[in-house]
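Asker: Input: one structure, supplied below.
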Amino acid sequence: MTSYTFRSVELDDLDILAEWLAEPHVAEWWDDPETEIALIKEHIDSISVEPLIIELDGKPIGYLQSYDPHMEDDHPYQDQPFGTLGVDLTIGVPGLVGKGHGSAILAQFVEELFEEGVPRVIIDPHPDNKRAIRAYEKAGFVAFDTRTSEYGPALMMARDADQEDFDA
């Protein structure tokens, strides 16, 4: 089974993140690279968002961020149970897309969060992002709502710590 490592984003990572954000498979679902890089840079020292580089065999392959919607003023997901964390992720390397990494990364990361005591993890893909939705379902996430917020349309999906096991 493939194992991934997650490390904090550093200023030196911003160039590769900008490259990934410009890739067509990423650009379709994320804001323009300049806007996203500015936000990621702000998140490096944030207490509510944890920006991470996903590594495979010591090489950066993607970006993941976790966030606490209860630590951000007026976050649209504050209706989730206390302790819930949200996540966003993208595989940056085009050649690794569609090979099962997204669901495997998400499943591993969520298990690590559950071991730390997080009761629920949510993710909010655009409803048209069928590839991401399939990957998240494979990682055990279940759709529970559709919403439109300042971030745009979202299919709300969750995985709970007490949820039955699944095959990733």
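Laboratory data are not the source of any read-out in this text; all were calculated from the coordinates shown. For clarity, every value in this text was computed on a predicted model and none was experimentally measured. Positions of Cβ are backbone-derived with ideal geometry, glycine not excepted, and every protein chain shown enters the neighbour counts.
Asker: Please give the FRET efficiency for Ala18 paired with Met71, using the beta carbon to beta carbon distance and R0 = 35 Å, rounded to the nearest 0.05.
Answerer: On the way: r = 26 Å, r/R0 = 0.76.
Using R0 = 35 Å, I get an efficiency of 0.85.
Asker: Among bridges DSSP assigns within segment 5-160, what percent are antiparallel (round to 5)?
Answerer: Numbers: 29 of 31 bridges.
Percentage antiparallel, nearest 5: 95.
Asker: Then there is this: Once you have the Cα-Cα distance between Ile37 and Thr2, take 0.36 nm times their residue separation minus that, and quote the gain in nm to one decimal. Mind dumping the intermediate values first?
Answerer: Values: separation 35, 0.36 × 35 = 12.60 nm, distance 2.84 nm.
Extra length from Ile37 to Thr2 when fully extended: 9.8 nm.
Asker: Another question, then. From the square roots a ≥ b ≥ c of the eigenvalues of the alpha-carbon gyration tensor of segment 5-160, which class results: rounded (a/c under 1.5), prolate (a/b over b/c), or oblate? Write out the running numbers ahead of the final one.
Answerer: On the way: a/c = 1.29, a/b = 1.21, b/c = 1.07.
The shape class here is rounded.
Asker: Starting from the Cα of Arg134, step 7 Å toward the Cβ, then list every residue of segment 92-112 with an amide N under 16 Å from that point.
Answerer: What the label zone holds, given the 16 Å backbone N cut-off, is 96-104.
Asker: Next question, about the same structure. So what is the calculated 222 nm ellipticity per residue for the chain, using -39500 (n - 2.57) for each DSSP H run with n of 4 or more, over all residues, to the nearest 500 deg cm²/dmol? All intermediate terms of the calculation are to be shown ahead of the outcome.
Answerer: Details: 5 runs with 48 residues, N = 168.
-8500 deg cm²/dmol, from helical runs alone.
Asker: From the Cα gyration tensor of segment 1-47, with a ≥ b ≥ c the square roots of its eigenvalues, which class applies: rounded if a/c is under 1.5, or else prolate if a/b is larger than b/c, or else oblate?
Answerer: On the way: a/c = 1.96, a/b = 1.09, b/c = 1.79.
Oblate is the answer for segment 1-47, as a/c is 1.5 or above yet b/c matches or exceeds a/b.
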